[in-house]
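To keep things clear, I will list the structure first and then write my remarks on it.
What follows draws every value from the coordinates through simple rules; no lab data is involved. Computed from a predicted structure; not experimentally measured. Neighbour counts are summed over all protein chains in view; Cβ atoms, including those assigned to glycine, are modelled from backbone coordinates with ideal geometry.
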Amino acid sequence: MRIPNFVIKYRLILTAYFTIGLAILVIFIIVRKNSLPTEFAPMDIPVQKISSDHKTSNLLIANRPVDMPELANQPDTIAELRKEIEELKKRKPQTIIKEVAPKQKDLAVIIEKWKPRIAHIYCDFKYRDGDSYLFKSGSGTLFKMSDGSYWIYTNRHVITDYNGYGPNICSASLSGNDDYIFFFSTDTFVSGSGVDWGSLKINIPSEYVKSVANTVNALQCKNKPSIGDGIVVLGYPIIGSISDITATEGIVSGIEGDYYVTSAKIEQGNSGGAAILVKDDCFLGIPTFAQTGNIESLARVLDIKAIYK
């Protein structure tokens with residue numbers, strides 16, 4: 001049987017359409033595959049083993065695409081942290097030393113400690129006929145020398161008159177003791193170098209004197225003070241207490257050669273006493289005189305080391 005021409009023509013048209021459609025489909029698949037982003041490429045799926053009290057099963061956990069920069073850098077960060085931990089393990093233990101300022105001693109305790117050594121000095125100056133022409137009072141500090149003798153350190157101007165002559169007789173009393181110590185002209189010594197320093201030698205020391213005295217080396221300051229350090233001046237000023245010592249506070253305001261400038265009040269009478277460096281509880285020097293300014297007076301303290309020059 002002969003196939004009609006229109007059937008053959010229809011089959012050829014269908015075959016052509018099918019071939020064209022198949023070619024288009026192949027081309028579309030190839031183009032689509034090449035245009036896919038790399039992050040959607042197939043990835044290895046790790047297997048994590050999870051155990052429980054009842055059973056053990058394998059759970060497949062698929063990693064999702066990483067779209068956060070901070071998460072993408074996690075492997076590098078973890079590696080750096082591990083490296084730092086290993087370096088810390090290799091380091092030797094370090095000892096941290098923290099300096100703590102020493103607690104300053106109570107001022108009342110310092111005053112009570114030094115008070116028995118502070119002497120109240122009276123000196124009488126007489127003409128050859130025996131009449132008195134000058135009477136002076138001041139303060140001093142009791143010390144024991146390395147040779148076992150006992151002395152009272154004071155200012156030169158306390159135990160000399162205005163022309164540099166010594167007294168005929170002096171007496172001294174110590175806080176806590178009613179006995180007077182008497183000195184004659186032969187017991188009086190002053191500095192010949194011009195430094196405002198003098199001393200009275202105790203020839204017959206009492207048991208009380210022996211009990212409260214200590215050596216200069218034991219009591220003097222070992223370290224030089226700084227400007228701003230606190231001091232307390234002990235003595236018997238004329239305007240102070242009649243029956244006890246007077247304490248005045250101040251700071252080291254400056255340094256002038258052998259003298260410390262201080263804001264502590266030094267009045268007539270407590271010259272020759274004791275200037276105590278509060279922070280070290282030590283004998284800084286001998287209060288000497290005050291220089292009056294427009295606003296207030298700044299006193300001077302003779303460095304105890306200056307008398308040995």
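Per-residue extension of 0.36 nm, minus the Cα-Cα distance of Ser191 and Ile169, leaves a gain of 6.1 nm for this segment. Placing a label point 7 Å from the Cα of Lys126 along the Cα-to-Cβ direction, the residues of the range 171-204 whose backbone N falls under 14 Å from that point are 171, 183-186. For the peptides 157-167, 76-86, the ranking by packing is 157-167, 76-86, with the highest mean count of neighbouring Cβ atoms within 10 Å listed first.
Pairs from the list Lys113/Lys224; Lys136/Lys222; Lys113/Lys136 with a Cα-Cα gap above 29 Å: Lys136/Lys222. Here is the tail figure for the range 107-308: Cα pairs spaced more than 30 Å apart come to 15 percent of all pairs.
Between Ser253 and Phe289, the modelled label-to-label distance comes to 1.6 nm, taking each label 7 Å out from Cα in the direction of the beta carbon.
Can you give me the relative contact order of the range 107-308 as a percent, contacts being Cα pairs under 8 Å and 6 or more apart? So the answer I get is 20 percent.
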